[in-house]
Structures are given as C-alpha cells and as structure tokens.
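> So that we are looking at the same thing, I have put the structure below in structure tokens.
The values are calculated or read from the model by the stated rules, or taken from the named source; none is laboratory data. Note that the structure is a prediction, hence the values are computed from the model and not measured. We place every Cβ from the backbone using ideal geometry, glycine too, and count neighbours over all the protein chains shown.
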Amino acid sequence: MTTIRISRLPEIKNDRVSSDDYLIINDGDIVTSKVTFEEFVFAIGAQDIDFTGDITYSGDVNFDGQISGDFYLKSETYNKNEINLLIKDLTDYNTLQDARITALQTLTGRPSLSTDLGTFPGVVIPDHTNITGAFEVLDSWTTENRTRIEAIEQTHSGVTTDIEALELRVEKIEDALGDPDNVLTPDPNGLAPDGALNQLAYLLAKIDDVGSLVDLLGLARAQHDGDANANLVKEGFIYFQKDDLSADDSTGLLKVKGINTGTNPRA
C-alpha cells in the first residue's frame, strides 16, 4: 500500500478552490472518505455555530431567510427588508442625533469637543468649569443675595414704619400750628385765634401795639418836661399839646387826655 504524507502534497491557493474539489475526511474516525468542497460548505452551514470573536465581511451579506436570536429582540425575527428598514432608521436616527448634538454644542458657545465652559469676564463663575459647576456657583450666589435682599426688605419695612410714625407726628404738629400758608391777620383787640401760628401772630401784634403805646407815653413825658407851648411832633405818632397831659397822683404815672387803658393809640 502506498503511503502519502500530507506534508508532501502540493498547496493550492483559495482562488483555485472550486465547488467540485474534494476534501478527504475521516468519517467517524472509522472510514476515510472524500466529500466535495460544495457539500462540505453546505454541511458546515447547516450546523449551529457560535462565534466568540469578530467576523469581518469584505463583501455584501445577503439574508434570504429569517434571522432570529439576540439580533434585536429574542421574541422576534426579521427578514432582509425589515433589516434594511432598521438600518435606515438607525442612519436617520444618527443624523437626527448629530443635529441635536450640534445644536447643544452651539448653545454652549464652545468649540466642538470642549470639556469646560472656558473663561468668564466676571468674578462669579470660575474659569474652566463645567455646566454643573457653573450652575452650583450661580445657585449659591443667588441664594446668598436672596438672603441679603430679604434682610434689606425687613430693614426697609422698619424704616417705612418709622416714616409713617413721623408723618403722623408731623400731621399733629401741623394741626397744632395751623396752616402756614393761611395765617390769619391778627386783631390785637379781639380774641386769640386757634392755631399756634395764628396765636403767635396775635401775640406779636399785641407786643407791637404795647410797644407803640410805650413810645407814645415816652414822648408825652418828654413834652411835659420840656417847652410847655411846644407841640409833640414825631412822625407816625399823635400830635397833642402839653395841656393834654396830666399826672395821676395816685399812681405817679402820666395820663394822656383821650387815651384810656385798653385803647389803641394808633386808632
């Protein structure tokens, strides 16, 4: 029997393998037999094969039958057209997601693939922080200022209360003084009017009236001590003769004819 070593057989390339080529196999480790390459491939395709590694297809992959298993859902099977639709949907979804990601990136105002918000011109948000860090700083800053505003509002409320109390006091003072724009013309011979300002004007008029009388009496005394025939002459006062004056022995005061107590010498 001739023995042939496999190592001495000539090697052929894959481009020379055809469906009618034969493979030598040991059938059940009992009988050595031959099988065509086409039948061998069919036999392998009929088996359940688990792939634990990656499979790379350099050409098209066509699915003529049903596909089941963990491809999408275990309870569903997909034909070729359904898979094509799924691939289209995934492509459209990726396109939509790319548009959304681009919009979010534009919203941040930062370049693509940025990992922080860059620098800020103010002092509130620190430079090179992320969105969460920026919001945390803003939240803290807003809370602190809200507390300050509430304290200012409470102080303002107290100030407002004090102002209202002062306004009430001012109103009472105005009521007591009277209207400064409508002070009554004082009548020294009449009764004192209401209102502090009116009463003050009344007192000033009385003082002025008494002062005029004092001046008049002083001039009368001077006339009495001077020339008996001379007239009392002073601008703004009454002219009278020495004979109009007499002494009151009981009081020691000088009396003027026609002038009684309580009368207005200007009348």
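> Determine whether Asn81 is in a helix (DSSP H, G or I), of a type outside the set (D, E, K, R), at pLDDT 75 or above and more than 30 Å from Asn130 (Cα to Cα).
It is true that Asn81 is in a helix (DSSP H, G or I), of a type outside the set (D, E, K, R), at pLDDT 75 or above and more than 30 Å from Asn130 (Cα to Cα).
> Under 9 Å between Cβ atoms, at least 6 apart or on separate chains: pull out the pairs that start in the stretch 48-64 with a residue that is charged (D, E, K, R) and end on any residue that is surrounded by 10 or more Cβ atoms within 10 Å (Cβ to Cβ) and in a loop (DSSP other than H, G, I, E, B).
Once the first residue is charged (D, E, K, R) and sits in the stretch 48-64, its partners that are surrounded by 10 or more Cβ atoms within 10 Å (Cβ to Cβ) and in a loop (DSSP other than H, G, I, E, B) give Asp64/Asn79.
> Scan (1) surrounded by 10 or more Cβ atoms within 10 Å (Cβ to Cβ); (2) modelled with pLDDT under 80; (3) within 58 Å of the chain's Cα centre (by Cα) for the single condition Ile101 breaks and write down its number.
That leaves (2) as the condition not met.
> Moving on to the next point. What number of residues within the stretch 165-182 satisfy the criterion of being among the basic types (Lys, Arg) and modelled with pLDDT under 75?
Adding up the residues that qualify gives 0.
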